[in-house]
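Below is one structure, written out as structure tokens; the observations come after it.
The values are calculated or read from the model by the stated rules, or taken from the named source; none is laboratory data. All values derive from a computational prediction rather than experimental measurement. Note: ideal-geometry Cβ built from the backbone for every residue, glycine included; neighbour counts use all protein chains shown. The area values use the complete protein model at the heavy-atom level, side chains included, leaving out ligands, DNA and RNA. Shrake-Rupley method; radii C 1.70, N 1.55, O 1.52, S 1.80 Å.
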Amino acid sequence: MKARILVIDDEAAIRDSLRMIIEYEGYEFIGAPAGPEGIALAEREAPDLILLDIKMPGMDGFEALERIKGVCDAPVVMISGHGSGATGADAVRRGAFDFIDKPPDTDRLLVIIRNALERRRMSDEVRSLRRAVEAKHEIVGESFQVRQLMEAVRRAAPTNATVLIQGESGVGKELVARAIHRNSLRSRERFVQVNCAAIPEELIESELFGHEKGSFTGATEKQIGKFEQADRGTIFLDEVGDMSLKTQAKVLRVLEEGEVERVGSSRTIRVDVRIIAATNKDLEREIEKGNFREDLFFRVSVIPLFVPPLRDRIEDVPVLVQHFLDTLARENNFRRRRITPRALEALQRHRWKGNIRELRNTVERSLIMTSGDAIDLADLPESVRVDPRPAPPDNGGDTSVSAGTLREFKESAERSFLVQKLRENGWNISRTAEVIGTPRSNLYKKLEFYKISQETDG
């Protein structure tokens, strides 16, 4: 497709001269004799490049430049017969791509046009890649829980407060962290992710804080740590509950002092980093066990966020399935397929212990293995096809009949109530105790009495 070049100049001879050069090189020419007409064409025709005269009657080129920037993102090259070095510098300072004198030297003009069009192509490519990345990390859902979570993200993002994201594995804690960074004042800086559970204990300090050459066996080169890499940006400490107490103490120092110290160095380095942490553990329980520092917990949980499990937001399954069908087909060049109502019903019925990650994998597997135009029930894994719900008791629909005594009924009802509340709160004991209005110690006793655990009742 030909690149379209808009020339805005009040001199017809200049427009004609530029038209011959532009069309001879295989580009498409659009012309305008004044600023207002040129702005209208820029908005309507969406050119790939604009050549704009500075000295024009009525609206001059600098005023037109400001207006054009508001309606079109094409690079603008300013041209003038009364130019100077200062004029060119002023044009670039105001947002022009480059500046050229009248009458333009053909060779120089063509170099500028090629450079400007290449800049435009690269900008479009970067924008497209950014959109693809954002789509990949998009939080999808229409449920009340997701809307509530996104409202909390919207409030937390513009601040510098530390955020603790809690939730089961596979619920999308990384997506929440990226959404916070993307909507923060640090969005133009780096988002550095560290999976604390995936790095061996003997290497995590070096990974986070860096090391000097020769500081330990194998340290053949100096290494910049993740905190330094994230300077002025955001660091995401995933699975922070798996970090050793020694490393926790150093992370606390970064939070309190804004300083890091490389392994093997006594020199401190100032860093400006926003910390977002995530865990699938109950950190308050880990504190009681002596596995997590209480002071660090309070520092990282200034803004606590909870990401609900998929089984508590099953109304989001259809939109998530459609999202995965679209993105996976685009990423892998698959033929687009629809999903039948029977298959969708089975996906909504499934318990999804692996949450959204498990759902995505199921959709991807079905896309690959299905030969038809639609994914049907038979195309889903057997574990998803089987209805996990127990058959209803033959008692006229009254489930209370199974309880032999009043005490048994009360205990059965209390156990069901506790399991439901624990699921709603991501098996966070402290949050559940607060929601149901009971001391945490009492809730622990109830869990032990009823033999409730996330493994068996999750």
Quote the charge dipole size of the range 1-86 about the Cα centre in Debye, to the nearest 20; the model charges only the Cβ of Lys and Arg (+1) and of Asp and Glu (-1). 80
In nm, to one decimal, how far is the modelled label at ARG440 from the one at ALA329, with both set 7 Å along Cα→Cβ? 4.8
Hey, if you drop one equal point scatterer on each alpha-carbon of the range 1-126 and run the Debye formula without solvent, what base-10 log of I(q)/I(0) do you get at q = 0.15, 0.17, 0.18 Å⁻¹? -0.60, -0.79, -0.90
Could you tell me how many degrees, from 0 to 90 and to the nearest 10, lie between the Cα long axis of helix 440-450 and the main elongation axis, the longest principal axis, of the Cα atoms of the chain? 60
Stretched out fully, how many nm does the piece from GLU259 to GLU118 gain, at 0.36 nm a residue minus the Cα gap? 46.6 nm
Kirkwood hydrodynamic radius of the range 118-196, from inverse mean 1/r over distinct Cα pairs, in Å: 14.2
Counting only heavy atoms of the protein chains, get the accessible area per residue of the range 188-238 (1.4 Å probe) and round it to a whole Å² value. 52
Compute the Rg to Rh ratio over the range 86-224 from the alpha carbon atoms, using the Kirkwood formula for Rh, and round to two decimal places. 1.16
DSSP-defined beta bridges in the chain - what % are antiparallel, rounded to 5: 10
With a Cα-only, solvent-free Debye model of the range 290-345, what are the log10 I(q)/I(0) values at q = 0.26 Å⁻¹? -1.07
The range 162-228 - Rg over Rh from alpha carbon coordinates, Kirkwood radius: 1.06
Name all residues of the range 309-340 having a backbone nitrogen under 14 Å from the label point set 7 Å from the Cα of MET150 along its Cα→Cβ direction, giving them as ranges. 316-317, 319-320, 323
Take the Cα gyration tensor of the chain, multiply each eigenvalue by 5, square-root it, and list the three semi-axes largest first, rounded to whole angstrom. 57, 32, 20
Please give the peptides 427-437, 38-48, 328-338 ranked by average Cβ packing (other Cβ atoms within 10 Å per residue), highest first, as a rough proxy for protection. 38-48, 427-437, 328-338
Orientation-averaged projected area, Cα convex hull of the range 171-294 (nm²): 8.1
